Amino acid sequence: MKKTTKIFTGVMLIASLALTACGAKNNNNEGGASGSASPSASPSASASVSASPSASSDASAKDMKFAMVTDVGGVNDKSFNQSAWEGLQRLEKDTGASVKYLESKEATNYLTNINQFVRDKYDLTWGIGFLMVDAIKDAAAKNPDSKLAIIDNVVEAPNVASVTFAENEGAYLVGVVAGLTTKTNKIGFVGGIDIPVIKRFEVGFVAGVAAVNPDAKVTINYTGAFDKADLGKAAAASIYNDGADIIFHAAGGTGNGVFNEAKERFKAGKKVWVIGVDKDQSLEFGDDVTLTSMLKEVDEAVYRVSQEMIAGKFPAGVVTTLGLKDNAVGLPETSTKNVSKEILDKVEEYKAKIISGEITVPTAQ
Amino acid sequence: MEQARTVVEMRNITKRFPGIVANDNVNFKLSKGEIHALLGENGAGKSTLMNILFGLYQPEEGEIFVNEQEVAIDGPNKAIKLGIGMVHQHFKLVHPFTVTENIILGSEPKKWLGLAVNKKLAYEQVGNLSKQYGLNVDPYARIDEISVGMQQRVEILKTLYRGADILIFDEPTAVLTPQEISELLVIMRNLVQQGKSIVLITHKLKEIMAIADTVTIVRRGKVIDSLPVAGTNPNQLAEKMVGREVSLKLDKKVAVLGDPVLEVKDLVVKGRSGLNALNETSFVLKRGEILGIAGVEGNGQSELIEALTGLRSVAAGSIRISGVEVAGESPRKISEAGISLIPEDRHKHGLVLDFPVRENMVLETYYQPQFNKNGFMDFDAIDEHATRLVKEFDVRTPTIMTEARALSGGNQQKAIIAREVDKNPDVLIAAQPTRGLDVGAIEFIHKRLVEQRNMGKAVLLVSYELEEILQLSDRIAVIYEGRIVGEVNPAETNDQELGLMMTDYKQPQGGSNIEQAD
Amino acid sequence: MNKLIKAFTKESAVVPFIAILLGLLLGAVIMLIGGYDPILAYKSLLEKVFGNPYDFGETLTAITPLIFTGLAVAFAFRTGLFNIGAEGQFIMGMTGATIIGVSVHLPWYIHAPLAVLVGAFFGGFWGMIAGYLKAARGVNEVITTIMLNWIALHLSNYIINDYLLEPGKGRSYMVDDSAAVTIGWLSRILDDARIHWGMFFAILAVIFYYVFLWKTKQGFELRVVGSNADAARYAGINVNKGIIKAMFISGTLAGLAGVFQVLGVFLNQAVSASPTGYGFDGIAVALLGGNTPIGVFLGAILFGTLSYGAAGMSFGADVPPEIIRIVIGSVIFFVAAPGIIRWFIKRTFGKKRKGEVI
């Protein structure tokens, strides 16, 4: 009996390990059967989508192959990986180009996944996320004929396009909202890992708050993870307990915990706010707790640079920084639900000043 | 006895396990109202045969008839339905449950349309059954509060409750005290008088002579003979069982006593519960004698052995080997000082069952230079050593690479004795050295112990089997609740007197208290 | 030794192959139900692993750490310990190697060996903590090793963040070339796959595992402790010392996995949010391999091959991640459950059923 139990436990252990760990190593799909099947299956379908803004949708685009490699967050991270994939899916729909992704289970897969596409002669391979930098650099150096692109980091190579965002500018604007909305003059910031991208969020946000409400105090908390909702929840709880009424998170999946904590408090009759990140998170977490979000249009960036590639104007070796003036960061239109007209007017005012150069938002490092 | 109806007949049963034929064309017949002993050495195939009858194994060939109907017994449930019950050697009881709860487990009387257990009825039924067969079990007692003998009766009740008419007892006396054994024999007689039939699996000749009507002897998977007990004697049975002549009497020369070699003085040892398991125990062991420690299990014997071998810390007192104080030393130090131990539980303490024989043979000496070269095991030397011991001590093993697990109990014990004796100790402690072994192995082991004594070693024999103590010892010390309560001369005492001393009914008359020996 | 012999007897050799086949078969059925082409998927898997020198080399890179962590877990198992902490020991190994690789500058013949040794020691020390707590305080090693995994992760992140961080990179500085254990010429032959000396050390580790446990005095002691701690005590073996020693060696093996990931694959250590998974995969590898040297070695190859080849199924046959997980899971499940296979063999080939031993 004891032996049977042991064996059974062992088997279950192995099976569950295999299911959770091993299988996740590299994955991709074509973004759903409908997305990949319809344009190629019926040529007329691609003709009909040529009504899209992309005028360069032509036969050559259909022969082009675009790919992206996610970081360890995976393609359904409700954050930048997902956003980037949405950009590629839109590209496929609009131009008929074929698109594909591979997920990375852990860091060793970055390079092998990128190489998979490069060696298969993909026209453009995206590395999504800050951590891809070494892998992109390596692949670019060893395959000078290939074209690669990276989001959120800079690779100085003649065949790589780097796209970064001026997160600090967008964060500055939500900082303005937070500074004007807070009643307790206590505001929180929950970050994922303390890396430069996230640091830009923090620095911009703190500057924005200070610009409109010098008395407000911002508590900074880095959880050390992008995929640990429990850590986010714990961090949010301690910040709210400390009297803060608004938290801005830049922590990916960890941030989901911040929303959950806020929702619990809302249900208990206490009004607290969360400012979302990357996407319009009010759509997912509701208007009860979502004050606004700091949009970071990764999909737009992926879409735009890929389009330039189709048009023959690939920004090789160029670092593109997308900021307020490009409408690549900013606030979603749904903000009007919870943010007053006066505050939004203030936001517009600051936005104009930043674009005009009257205000220079500090950056990290 | 009149010709009774046959209730079970097993015809031409053959059962193979990988490598061996456990039952080879075996025939077995059980009559109504008899106690039928199934005698054989360990591994002879008697348990296999009964496991087939109880549906635990399926035979490759042969037929089974119950009440003259051919049946296929595909599992214990089927066996129970046919009125067959088995009292296993290792009880299968749930300790925090009451007696009744254990008995009804799986066939509870129901009430409320089967939604609830009718406990009241259950307690009543169990109480009545217990009374009917004179078992004297309290239906309300919790299993962990009752003695081993009582637990066995609960197992018996379990089979009766399920309507068994044919009861199989697998080595039922192995775990009992002498008093409990005689009570069990009474119970068994009671059962047959009320129309039950009993199969008694055993290798103890004494029990068979005492209670069985018929005996079937099994050796190496084959039935050697089946005969009425009335027409036989122990020597004949032993011979049939082992396949050669066995001497049940031990030839023992008069002890030639030498110097004291183990001196234990005022030894205090704490038990598992933190209470004193040994209270100021003192005794002296001399070269050339066997000192038997008699006592009911759990009166401090284990703690004494563990303290003597360094496995348990000593709270107070002294242990000297040849004049050198060793109390509180590590087991290895003590072993090197000249103590060898044949442990009580050979599977748990004596052997590593997953290891081959050769590695078990050097379990305590592997680190010594003769088995080691620069930190590497010298397997040539180890093999040579193992081969020699296997031969010298007649350990029946296919090869020295065979896992200890695959050996029979007797051969496992022989291997341990070989290892311990080969260490050439001054003091050999033998704890329950023949527990669960068959006559042939017992004979061998007893001879070896006496041989050691004759060679001038000191032997400390701890056993719960009075017969063994009486047969081997030159002196007997009785231990009760952590104290040596008396010392007797084996020639001047008997079962009854010892049994009473062991349960503290009576102090020995005129027996010199061992503590004065110092 | 006996187990080794058994591993080559007929039934034992057949069982794993049938297990893999059955697993693949079940996976194929699931893929068919999902509307994917199993033959194409398996072809893609094989192509991903053996299709070209680069992928073949990278498959070796994927297998290497699994051999180490598998051996680490198996070693502890042999001593009767369940080391769930190979993950933490792996991370500590990485950290030790990174510290030496980045912060000291020495000629290569000192630098690389020193980095390897320090990393291995870090891993060993981390394992030893759990061993000590078990021996001295009786704390269950399962609990301590799990806790130590997280401590290792955050300690390592702290060390990198505060002392070794290359600004703006989210990882440590690159280790000196003198500390790297990459094999340039072999990488070039294999189309720039990341080949490193760790692979050879992994094979040495398998040999060490066998020789140490089965041929040395200390290994003998540890195996006695692992197989029957009571008998070990009776035989005069110091069980507590054995536990600490075993956890140190186990941790060292896991640490070496991390060392070679840093010095051979990444050449830096990233600040990581969550454990890498190599330590946990090591548990599966050890169980698959039945804690025998050959078994662990083959188990690591199977596990690493499936993991790496999974990307091929994804890339070549568009099988979605969830289904790939099921396919790989079923292969591992069948391999880990030899009882099922034996039953299957008997049913299929009509042999008579053996009596079950209860």
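Every read-out reported here was derived from the displayed coordinates using simple, explicitly stated rules and does not represent laboratory data. Note that the structure is a prediction, hence the values are computed from the model and not measured. Note: ideal-geometry Cβ built from the backbone for every residue, glycine included; neighbour counts use all protein chains shown.
Using +1 on the beta carbon of Lys and Arg, -1 on that of Asp and Glu, and nothing else charged, what's the dipole of chain B about the Cα centre, debye to 20? If you can, show how the numbers build up before the last one.
Values: 59 positive and 70 negative charges, 214 e Å.
With only Lys, Arg, Asp and Glu charged at Cβ, the dipole is about 1020 debye.
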*Using modelled amide H (1.01 Å from N, peptide plane; none on Pro or chain starts), what sits under 5 Å from the amide H of residue A:217, excluding residues fewer than 5 places away?*
A:186, A:187
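Given just the C-alpha atoms of region C:118-198, how large is their convex hull per residue in cubic angstrom?
Details: hull volume 11.4 nm³, N = 81.
Output value, Cα hull per residue: 140 Å³.
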*asked:* Please compute, for the alpha-carbon atoms of region C:61-309, the extent along each of the three principal axes and give them in descending order in Å.
replied: 57, 38, 33
*Distance from the Cα centre of region C:261-304 to that of region A:94-147, in angstrom?*
25 Å
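To two decimal places, what compactness ratio does region B:6-242 give when its Cα radius of gyration is scaled by 2.2 N^0.38 Å?
For region B:6-242, the normalised Cα radius of gyration is 1.03.
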_Distance from region B:95-134 to region B:314-335 (C-alpha centre basis), Å_ = 53 Å
_Whole-percent pair-distance distribution, where bins are 5 Å wide, for the alpha carbons of region C:188-257_ = 4, 15, 20, 19, 13, 9, 7, 5, 4, 3, 2, 0
*At q = 0.11 Å⁻¹, work out log10 I(q)/I(0) for region B:141-274 with the Debye formula, treating every Cα as an identical point scatterer and leaving solvent out; two decimals please.*
-0.62
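Starting from the coordinates of the alpha-carbon atoms of region C:1-130, obtain the Kirkwood hydrodynamic radius over all distinct pairs and give the value in Å to one decimal.
Details: mean 1/r = 0.0536 Å⁻¹.
Averaging 1/r across every pair of different Cα atoms and inverting gives 18.7 Å.
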*Show the residues, 5+ positions off or on another chain, whose built amide H is closer than 5 Å to the amide H of residue B:215.*
B:37, B:227, B:229
*What percent of all Cα-Cα pairs in region B:1-138 falls in each 5 Å bin, counting up from 0?*
2, 8, 14, 17, 16, 14, 13, 9, 5, 2, 0
_From the P(r) of region A:63-210, could you give the percentage of C-alpha pairs in the tail past 25 Å?_
36 percent
*Hey, got the Cα dimensions of region C:12-75 along the principal axes, in Å, largest first?*
41, 33, 21
_Positive end of the dipole of the protein assembly as shown, charges at C-beta (+1 Lys, Arg; -1 Asp, Glu), about the Cα centre: which of C:293, B:313, B:387 has its Cα farthest in that direction?_
B:387
*On a 0 to 90 degree scale, rounded to 10, what angle separates helix B:409-422 from the longest Cα axis of chain B?*
0 degrees
*residue B:60's amide H: which non-local residues (gap 5+, or another chain) put their own amide H closer than 5 Å, with H modeled 1.01 Å from N in plane and none for Pro or chain starts?*
B:14, B:15, B:16
*Suppose every K and R has +1 on its Cβ and every D and E has -1 on its Cβ; what is the size of the dipole of region B:350-424 about the Cα centre, in Debye to the nearest 20?*
160 debye
_For region B:350-424, convex hull volume per residue from C-alpha positions, Å³_ = 78 Å³
*Mind checking the alpha-carbon convex hull of region B:339-380 and giving the volume per residue in Å³?*
83 Å³
*In nm, to one decimal, how far is the residue B:387 label point from the residue A:359 one, both placed 7 Å along Cα→Cβ?*
9.2 nm
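In square nanometres, what is one fourth of the surface area of the convex hull spanned by the alpha carbons of region C:46-89?
Computing the convex hull of the Cα atoms and averaging its projections yields 3.7 nm².
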*Given R₀ = 35 Å, FRET efficiency for residue B:182-residue B:20 by Cβ-Cβ distance, to 0.05?*
0.45
*How large is Rg/Rh for region A:242-365, to two decimals, with Cα atoms and a Kirkwood Rh?*
1.04
*Which percent of Cα pairs goes in each bin when the distances of the protein assembly as shown are cut into 20 angstrom slices starting at zero?*
10, 29, 29, 20, 11, 1, 0
*Considering lysine pairs in region C:61-309 that are 8 or more places apart or on different chains, how many have Cα atoms under 22 Å apart?*
6
*Where the convex hull is taken over the Cα atoms of region A:282-348, what is its projected area averaged over directions, in nm²?*
5.7 nm²
*With θ set to phi - 60°, apply the Karplus curve 6.51 cos²θ - 1.76 cosθ + 1.60 along region C:41-51 and write out the HN-Hα couplings as whole Hz, x wherever there is a Gly or Pro.*
4, 5, 4, 5, 4, 5, 4, 4, 8, 10, x
*How far is helix B:178-193 tilted, in degrees, relative to the longest principal axis of the Cα atoms in chain B, given as a value from 0 to 90 rounded to the nearest 10?*
10 degrees
_Stokes-Einstein D in µm²/s, Kirkwood radius over Cα pairs - chain B at 10 °C with 1.306 mPa s viscosity_ = 63 µm²/s
*So, in Å, what gap is there between the alpha-carbon centers of region A:149-177 and region B:344-423?*
71 Å
_So if the hydrodynamic radius of region B:312-438 is defined as the Kirkwood radius over C-alpha pairs, what does Stokes-Einstein give as its diffusion coefficient at 37 °C and 0.692 mPa s, in µm² per second?_
213 µm²/s
*Dipole size in debye (nearest 20) for the protein assembly as shown around its Cα centre, Lys and Arg Cβ +1, Asp and Glu Cβ -1?*
1860 debye
*asked:* Tell me which of A:321, A:311, A:285 sits at the most positive position along the dipole axis of region A:259-365, charges placed on C-beta atoms (Lys, Arg +1; Asp, Glu -1).
replied: A:285
*Cα→Cβ-extended label distance, 7 Å offset, between residue B:500 and residue C:186, nm*: 8.4 nm
